[in-house]
1. Could you tell me whether Leu36 is of a type in the set (A, V, I, L, M), surrounded by fewer than 10 Cβ atoms within 10 Å (Cβ to Cβ) and over 38 Å from the mean Cα position of the chain (by Cα)?
2. Given the criteria out of contact with any Pro (no Cβ under 9 Å at 6 or more places or on another chain), surrounded by 10 or more Cβ atoms within 10 Å (Cβ to Cβ) and either modelled with pLDDT under 95 or among the basic types (Lys, Arg) (or both), does Leu89 qualify?
3. Go through segment 99-117 and give me each residue that's open to solvent by less than 50 Å² (accessible area, probe 1.4 Å) and under 39 Å from the mean Cα position of the chain (by Cα).
4. Going through Ala75, Ala163, Ala157 one at a time, which residue ends up being open to solvent by less than 90 Å² (accessible area, probe 1.4 Å), at pLDDT 55 or above and part of a helix (DSSP H, G or I)?
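The values are calculated or read from the model by the stated rules, or taken from the named source; none is laboratory data. Small disclaimer: the values here were computed from a predicted structure and weren't measured. As a convention, Cβ positions derive from the backbone with ideal geometry for all residues, glycine included, and neighbour counts pool all protein chains shown. What goes into the accessible areas is simple: the full protein's heavy atoms, side chains included, and nothing from ligands, DNA or RNA. Shrake-Rupley method; radii C 1.70, N 1.55, O 1.52, S 1.80 Å.
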Amino acid sequence: MSRKPRLKGRAARLARLFPARPRQAARTPFVLLVVLLLGGGLIGLLVLNSALSEGSFEMDDLQKDTKNLTDEEQALQRDIDSYSAPDALQRRARELGMVPGGDPAFLDPDGTVKGVPSAAPRSPADTPLAVRPPEAIATLPALPSAAAAPGASPAAAAAPGPAATAPGVSATTATPTTPGR
């Protein structure tokens, strides 16, 4: 029979420190650790998924806002383009009493004048016109142009008459307004 030899001295003391048979490690802490890691991972995935879906909804709202603001910007740009069109500027200038200028004269650095300076032709009615918003201008009838009346003088065609005021607005009692304010 094989019997383990009996140890003496120092070997016996060292043998007492180590167990004679292999012991099984406790499974409970290991199982708890694995369950906690899996549970933490699942909770982390749930939180991450919720954050991503919330971000997706917020991005959708921001895209809708961007589309609405882009549409508004385009509408405002169309208004600016219609107000800055040459015919609209000419009509507005006539309503404000402005007349087309003649040939320009230039002043050289040495003080000599090139060209013939002349005053702009005066309108027959030197009364100031009321300043109206562009919406009121759009409802006015078109002014006759110099091309429409071959015998008319350019000064008469450029100067607006009393018919240039909006219906129901007196030229002397209207208060000036600025468009867009």
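1. On the way: of a type in the set (A, V, I, L, M): yes; surrounded by fewer than 10 Cβ atoms within 10 Å (Cβ to Cβ): no; over 38 Å from the mean Cα position of the chain (by Cα): yes.
In short, no.
2. Working: out of contact with any Pro (no Cβ under 9 Å at 6 or more places or on another chain): yes; surrounded by 10 or more Cβ atoms within 10 Å (Cβ to Cβ): yes; either modelled with pLDDT under 95 or among the basic types (Lys, Arg) (or both): yes.
Yes: the conditions hold for Leu89.
3. Result: Val99, single match.
4. Ala75
So that you can scan it fast, the table gives a plain yes or no per residue for (1) open to solvent by less than 100 Å² (accessible area, probe 1.4 Å); (2) at pLDDT 95 or above:
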| position | (1), (2) |
| --- | --- |
| Leu52 | no, no |
| Asn68 | yes, yes |
| Ser84 | yes, no |
| Ala93 | yes, no |
| Gly97 | yes, no |
| Ala119 | yes, no |
